[in-house]
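Step one of this worksheet: look at the structure below.
The values are calculated or read from the model by the stated rules, or taken from the named source; none is laboratory data. Just so it is clear, the structure is predicted and the values come from calculations on it, not from any experiment. So basically every Cβ, Gly included, is an ideal-geometry build from the backbone, and we count neighbours across all protein chains shown.
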Amino acid sequence: MKEQLTSILEKTLNDIKAAESFEALDSIRVNVLGKKGELTAILKQMGKLDPEMRPVIGALANEVRQTLETALEEAKAVMTEKATTAKLVREAIDVTMPGTAPVIGKKHPTSIVLDEICDIFTGIGFTIADGPEVELDYYNFEALNIPKGHPARDEQDTFYISDNIVLRTQTSPMQIRTMENKKPPIRILAPGRVFRSDALDATHSPVFHQIEGLVVAKGITMGDLKGTLELFAKRLYDEDTKVRFRPHHFPFTEPSAEMDVQCFKCGGKGCSLCKGEGYIEILGCGMVHPKVLEVCGIDPDEYTGFAFGMGLERLVMRKYKIDDIRLLSENDVRFLNQF
């Protein structure tokens, strides 16, 4: 039995040294030290030994068990260290290498142009005004000399929330609110989002942006209006920009006009974008109607003023030679990355 125990010890130690995985070590433990293992089978035969030999064999068997258990633990520790080292090498990170740069968004072309326009007008003394997008009918229409039943209401294609509340069709209500709360002289720029029930196509959208301006003071003339808007167009585009003013009608200005800029696509020759005109209308303007001044508590005999309103998207299209307004709202990154 001593020889059997010694043989098991030597053989098992060799097997432990040769093992290459945790599974192999566990298999050795089960086959030798388990309930049905070789060492257990020998210990079951101790009842056949002489009484004086039992303590000797028992001590030897315990020594063999402890030796093998220690050898197994040491082998597991060595394997664990090797596995950890291999994992660290495999997953090593060179902290000196530059990281992956995050994708950074860019300003939308409408934001770029809006900021430029605001800079142009604030540079000549205008301040920026703000107001609600959900507006009272009074500020959106009535105070602007567009009473109920006026045909201009049909032209606006308005989204009505109730009989008295609308989604604003223009940023002109900001002008009324300003004149109600501030005495002349007044010079404001009112940019914002507006809503009209238009079909979406290359040049129209139901949700777009307007920028409106208002100047009220003593001695303001149509010449001041024309000079201001020509200065604006040349600073926004370039000094060679060609503009023209055409007589028009707006209920809240008198006299009224529309200002066009030469078509960027055809250079004034006429094309599908400008509908053969050679020019593209970018804003409406005129002298503030005396009735509008009176409604706001301003004496039209003492003060005059001019107002203008422009579509931001059309200005963006002209500046960047974009021929479809839908590109500005589709958020295709391939398009936006150009700006």
Just the residues that are under 12 Å from Ser329 (Cβ atoms) and surrounded by 13 or more Cβ atoms within 10 Å (Cβ to Cβ), please, taken from the stretch 191-201. Arg193
Lone qualifier among Lys17, Lys35 - being exposed (fewer than 11 other Cβ atoms within 10 Å of the Cβ), among the basic types (Lys, Arg) and out of contact with any helix residue (DSSP H, G or I) (no Cβ under 8 Å at 6 or more places or on another chain): Lys35
Over the stretch 190-220, the set of residues more than 22 Å from Ser256 (Cβ to Cβ) and aromatic (Phe, Trp, Tyr) is Phe195
Given the criteria under 17 Å from His289 (Cα atoms), in contact with a strand residue (DSSP E or B) (Cβ under 8 Å, 6 or more places away or on another chain), touching a residue at least 24 places away in the same chain (Cβ under 8 Å) and not aromatic (Phe, Trp, Tyr), does Asn140 qualify? yes
Against the condition under 60 Å from the mean Cα position of the chain (by Cα) and aliphatic (A, V, I, L, M), how does Leu88 come out, does it pass? yes
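Condition check ((1) surrounded by fewer than 16 Cβ atoms within 10 Å (Cβ to Cβ); (2) touching a helix residue (DSSP H, G or I) at 6+ places or on another chain (Cβ under 6 Å)) across all residues:
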site: Gly223; (1), (2): yes, no
site: His248; (1), (2): yes, no
site: Pro251; (1), (2): no, yes
site: Gly268; (1), (2): yes, no
site: Cys274; (1), (2): no, no
Could you please find all residues in the stretch 38-52 being in contact (Cβ under 8 Å) with a residue 12 or more places away in the chain and surrounded by fewer than 16 Cβ atoms within 10 Å (Cβ to Cβ)? Gln45, Met46, Leu49
Output for the stretch 57-73, where each listed residue is surrounded by 13 or more Cβ atoms within 10 Å (Cβ to Cβ) and among the β-branched types (Val, Ile, Thr): Ile57, Val64, Thr67
Flag if Gly278 is more than 25 Å from Thr178 (Cα to Cα) and either at pLDDT 90 or above or touching a Gly at 6+ places or on another chain (Cβ under 6 Å) (or both): yes
Hey, can you tell me all the residues within the stretch 319-339 that are out of contact with any Leu (no Cβ under 9 Å at 6 or more places or on another chain) and within 19 Å of Gly278 (Cα to Cα)? Tyr320, Lys321, Asp324
Do we have Val64 as part of a helix (DSSP H, G or I), of a type outside the set (Phe, Trp, Tyr) and touching a residue at least 12 places away in the same chain (Cβ under 8 Å) here? yes
What's the number of the only condition in (1) assigned to a loop (DSSP other than H, G, I, E, B); (2) on the phi < 0 side of the Ramachandran plot that Val113 fails to meet? (1)
Just name the residue that is nearest to Ile128 (Cα to Cα) out of those in the stretch 155-176 that are of a type in the set (A, V, I, L, M, F, W, C) and part of a strand (DSSP E or B). Leu167
